[in-house]
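Everything on this sheet refers to the single structure shown next.
Only the coordinates and a few stated rules stand behind these numbers; no lab work does. Small disclaimer: the values here were computed from a predicted structure and weren't measured. We place every Cβ from the backbone using ideal geometry, glycine too, and count neighbours over all the protein chains shown.
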Amino acid sequence: MSTKSPEASKPLTHKEIMFVLSGLMVGMLLAALDQTIVSTALKVIVEDFNGLAHYTWVVTAYLLTSTASTPLYGKISDLYGRRPVFQFAIVTFLIGSFAAGAASSMAQLIAFRAVQGLGAGGLMSLTFVIIGDIISPRERGKYQGYFGGVWGLSSVAGPLLGGYFSDHAQILGVTGWRWIFYINLPFGIAALIITSASLHIPKVKREHKIDYFGALLLVSGVCSLLLGLSVYGPQNGWGNSKTIIALLLALFLIIVFIIQESRTPEPILPLTLFKNHTFTVTSIMAFIIGAGMFGAIIMLPLYLQVVKGDSATSAGLKLIPFMIGIVSMSIFSGKMITKHGHYKRYPIIGLALMTSGLVLLATLNETTPFWQLSIYSIMIGAGLGLSMQTVVIALQNAVEIKDLGVSTSANTFFRSIGATIGVALFGTVYANRLTHYLPIEIDKLKASNPAALIGATPEKFAALKDNTAVLNSFTPELQAGIIHAFVNSFHVVFLSAAPITIIGFMVAFALRETPLRSGASHQAAKDEAAGEALA
């Protein structure tokens, strides 16, 4: 038998909603920031530990656990309630952060980053689940700009803070790079306090049986896939035996997972959700947004540092137009959705803008002024602001309340998988094209100005892919040729991303626009779901 709190029929006021959102936004900022803040400090960290051979694992360990745990959090919160599971994610993230900051070896840092990722998976997914609980789809638009702001802020503040902390040998007597982890502690504690005081979502108790075997298969399959895509493929080559074994194992485990989910009475990821047209379409769109957007946008800071010679901190500052695009269009589309109740047009316009922005990025060269790059960045950010949150609103409006947690987490999961595949795909395209264009530029110089190659060795050319600081040891003429090879490589990467977002643009037309549930109908649906649990 289950019980329902008497508070279940009492909707939150605007003031109460804003109080809850403040705690959710702090929690989400922690997870979003940690995806970007480590990258700029990674060079200093691995040098401190003499762990260059394992540096990718600092990022990969976080990625593995955060992505693999995302769909599990949704299901578990459906069964045990949102607040305890969300707070468990915060505490786990804080433990991982403190331990990573205090790590004394590369192995410890990698292990504690995995713990951080385990908490981040809950922070990223449950934020949107809880929003779906407390705000109706029709009214949610006017609040979504706040979360667009969090995404935009993390995309700029991450590289900035990472660069600042890693540039200082010590801050308050502590090694500079360790502050990229310690800075999480006060924010995480604040999120705990706020959610304890404000997050009083009634817990509907249901009889349940967790599919532990399905969870094991899902986590193992995702980890194997990410290892193949993020580690073995880029490091050892896509034809390497380790890469092939990892990807084949991932395929096998996912097939077994699908069979298991179709047979168990209470699956971790109910396959029946895919019978819901909107769930299927928004899952595809989330995957494409992750792959096309996050895979390509990581190349912008690299372009600024390699081609324009900007520092990591300066490159982070120059991403502010991207943030402006996200925030402004998140707020605009949210208000329009709340006012008119229509949402389908926004992901269509958004994906068209993203595609146009990516194509325009393929025109960047050594002399492109910053104002021009800013316009392209704003276009891409605006496209993301119009698309990402709108897709979640459409999804949450279309699924039953009892499936809100697992369906929303699944959407976040597909976006994370898309981002991982995008990063691996475009990283491979970038490396491949650089290998192609570098010899062309060097041969041109050999023919026209052999003296420009003085001091250049095969070892230095080989090191270019991993450490562009080698450029400073070359003659100005050779530097110019190499930078041109980088520019041509970036062009191909951006053009490779455009067809992916074009597919997303076409898929967006398949999205069915159904009337958004208002406050009253949303509350009635929650009460009905609670009544079914009681029965």
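Of the cross-linked pairs LYS75/LYS142; LYS75/LYS335; LYS142/LYS344; LYS318/LYS444, those separated by over 23 Å at the C-alpha level are LYS75/LYS142; LYS75/LYS335; LYS318/LYS444.
What the Kirkwood sum gives for the range 24-154 is a hydrodynamic radius of 15.4 Å, with every pair of different alpha carbons counted.
Computed from Cα atoms, the angle from the helix 370-398 axis to the main principal axis of the chain rounds to 20 degrees. Remark on the range 148-194: hydrodynamic radius 11.7 angstrom, per the Kirkwood mean of 1/r across alpha carbon pairs.
In the chain, which longest range has no chymotrypsin sites (Phe, Trp or Tyr not before Pro) that are both DSSP loop (not H, G, I, E or B) and surrounded by at most 16 other Cβ atoms within 10 Å? Result, exposed sites excluded: 239-508. Residue separation of ALA169 and GLU16 scaled by 0.36 nm, minus their Cα-Cα distance, works out to 50.8 nm of gained length.
Provide the net charge surrounding VAL219, with neighbours chosen by a C-beta distance below 13 Å and charges set as Lys +1, Arg +1, Asp -1, Glu -1. After counting each charged neighbour, the total is 0. Computed from the Cβ-Cβ distance with R0 of 35 Å, the FRET efficiency linking ALA510 to ILE375 stands at 0.70.
If contacts are Cα pairs under 8 angstrom and at least 6 residues apart, what is the relative contact order of the chain in percent?
23
Computed from point charges on the beta carbon alone (+1 for Lys and Arg, -1 for Asp and Glu), the dipole magnitude for the range 152-266 about its Cα centre is near 180 Debye.
Note: relative contact order over the range 211-267, using C-alpha pairs below 8 Å and six or more positions apart, is 44 percent. Across the range 336-414 the C-alpha pair distances fall into 5 Å bins from zero in the proportions 3, 14, 19, 16, 16, 11, 8, 6, 4, 2, 0 percent.
Shown here is the pair-distance distribution of the chain: with all Cα-Cα distances grouped in 20 Å bins from zero up to the longest one, the shares run 21, 56, 20, 2, 0 percent. For the pair GLU266 and ILE193, label points projected 7 Å from Cα toward Cβ lie 3.7 nm apart. In degrees, nearest 10, range 0 to 90: what is the angle between the Cα axis of helix 404-448 and the longest Cα principal axis of the chain? Long axis of 404-448 versus the principal axis of the chain: about 10 degrees.
Counting only alpha carbon atoms, the long axis of helix 320-340 and the longest principal axis of the chain meet at about 30°. Between SER311 and ALA102, the modelled labels are 3.2 nm apart [label points 7 Å from Cα along Cα→Cβ]. Coordinate range of the alpha-carbon atoms in the range 211-267 per principal axis, descending: 41, 13, 10 Å. The charge dipole of the chain, taken about the Cα centre with unit charges on the Cβ atoms of Lys, Arg (+1) and Asp, Glu (-1), comes to about 900 debye, rounded to the nearest 20.
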